[in-house]
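Some notes on the structure that comes next.
The values are calculated or read from the model by the stated rules, or taken from the named source; none is laboratory data. The shown structure was predicted, so the numbers you read here are calculated from the model rather than taken from an experiment. For neighbour counting, all protein chains shown are included, and Cβ atoms are generated from backbone atoms with ideal geometry for every residue, glycine included.
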């Protein structure tokens, strides 16, 4: 049994949760309570047919308006059906999300397989209206950019990644450095965007580069939703990691990537989600090495209380809000 009672009793907002199965609402709420969450941010994705997961997540917000933030996704129906209208429609989409009571936006369009499918560079002029509107409205944006390095390596790309369509070894996908360059171009033109980069921007093996990136882009933050080896990467140089986390304590958001697709696997899925949250919380709060549930050793950072409060909820509240935006439910349900 994974025990959360030996962890700090303080408010927590999970900035990165996926919710696409309404029948899992009660189980997800129970998971929130077990981990100790005050609130969670549901992040939506576009569907292959151009629609989005927005309505499903927004229905959760309607049921629990004080606990659920929702970051909406971009619709791509026009890009598929009337591509000449797509760029002009993006500012309207952003303002429609704000008007409906969404709390931010989520874009997975920087993940290499999605980027290839959409076939638009993130710094393509077609997106300019979106970036400009997000910046003007100070509408928080969570962006997935890149992926773990070994997804591009034909010798180390794992079979499970290949089955999920995350094998980028054939040369037809944008490289990690190319995707980073696209983000740099966006931030050079729109430097005030409230952008959070998911999964620590996949820079957990290069804290020096991560430090330089945050110094260059003061409006940008990282979230802690884990990729495969992220916390083991941090543990490889725990002293440098602790220094980084304290130095950039205003720029790091707690997030787990909790996902109802995993919960649908049954008790093992629920157990796995609890183990992920436990790993992150122990890594931030405990001191010294501990053994994760998979047997690997992790070196905890023992962060000061004020740093924990920033990471757990204060940074999220500063970027988003102290409470979810009131929902315009007739608008979203009838759109």
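Which residue is modelled with the lowest pLDDT, if the candidates are limited to the range 21-70 and must be more than 17 Å from the chain's Cα centre (by Cα), buried (at least 17 other Cβ atoms within 10 Å of the Cβ) and part of a loop (DSSP other than H, G, I, E, B)? In this case the residue turns out to be 36. Based on what the data block shows, is residue 94 on the phi < 0 side of the Ramachandran plot and touching a residue at least 60 places away in the same chain (Cβ under 8 Å)? Spelling it out, it is not the case that residue 94 is on the phi < 0 side of the Ramachandran plot and touching a residue at least 60 places away in the same chain (Cβ under 8 Å).
Yes/no matrix, rows are residues, columns are (1) within 19 Å of residue 121 (Cα to Cα); (2) at pLDDT below 95; (3) out of contact with any helix residue (DSSP H, G or I) (no Cβ under 7 Å at 6 or more places or on another chain):
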| residue | (1), (2), (3) |
| --- | --- |
| 173 | yes, no, no |
| 184 | yes, no, yes |
| 190 | yes, no, no |
| 204 | no, no, no |
| 222 | no, no, no |
| 225 | no, no, no |
| 231 | no, no, no |
| 234 | no, no, no |
| 239 | no, no, yes |
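Looking at residue 239, is it free of Cβ contacts under 8 Å to residues at least 40 places away in the same chain, assigned to a helix (DSSP H, G or I) and surrounded by 14 or more Cβ atoms within 10 Å (Cβ to Cβ)? Before you say what the answer is, go through the steps one by one.
Working: free of Cβ contacts under 8 Å to residues at least 40 places away in the same chain: yes; assigned to a helix (DSSP H, G or I): yes; surrounded by 14 or more Cβ atoms within 10 Å (Cβ to Cβ): no.
Taking the combined requirement at face value, the residue does not satisfy it.
In the range 295-327, the residue that is surrounded by the fewest Cβ atoms within 10 Å (Cβ to Cβ) out of those that are in contact with a strand residue (DSSP E or B) (Cβ under 7 Å, 6 or more places away or on another chain) and over 30 Å from residue 99 (Cα atoms) is 297. Scanning the range 71-91 for residues that are farther than 23 Å from residue 313 by Cβ and not in a helix (DSSP H, G or I) turns up 73, 74, 75, 76, 82. Of the residues examined, residue 153 is one that is out of contact with any helix residue (DSSP H, G or I) (no Cβ under 9 Å at 6 or more places or on another chain), over 27 Å from residue 41 (Cα atoms) and in contact (Cβ under 8 Å) with a residue 12 or more places away in the chain. Here the range 119-168 is the region considered, the condition is being under 20 Å from residue 205 (Cα atoms) and in contact with a strand residue (DSSP E or B) (Cβ under 8 Å, 6 or more places away or on another chain), and the residue that is surrounded by the most Cβ atoms within 10 Å (Cβ to Cβ) is 146. When we screen 283, 222 for residues that are surrounded by 16 or more Cβ atoms within 10 Å (Cβ to Cβ) and farther than 24 Å from residue 5 by Cα, the only hit is 222.
Select from the range 198-218 the residues that are surrounded by 17 or more Cβ atoms within 10 Å (Cβ to Cβ) and without any contact (Cβ under 8 Å) to a residue 40 or more places away in the chain and write down the one among them that is farthest from residue 291 (Cα to Cα). Going through the qualifying residues, I end up with 217.
Of the residues that make up the range 223-233, is at least one free of Cβ contacts under 8 Å to residues at least 40 places away in the same chain, under 30 Å from residue 28 (Cβ atoms) and assigned to a loop (DSSP other than H, G, I, E, B)? The answer is no, given that none of the residues of the range 223-233 is free of Cβ contacts under 8 Å to residues at least 40 places away in the same chain, under 30 Å from residue 28 (Cβ atoms) and assigned to a loop (DSSP other than H, G, I, E, B). A count restricted to the range 251-275 and to residues that are surrounded by 14 or more Cβ atoms within 10 Å (Cβ to Cβ), in a helix (DSSP H, G or I) and within 17 Å of the chain's Cα centre (by Cα) stands at 4.
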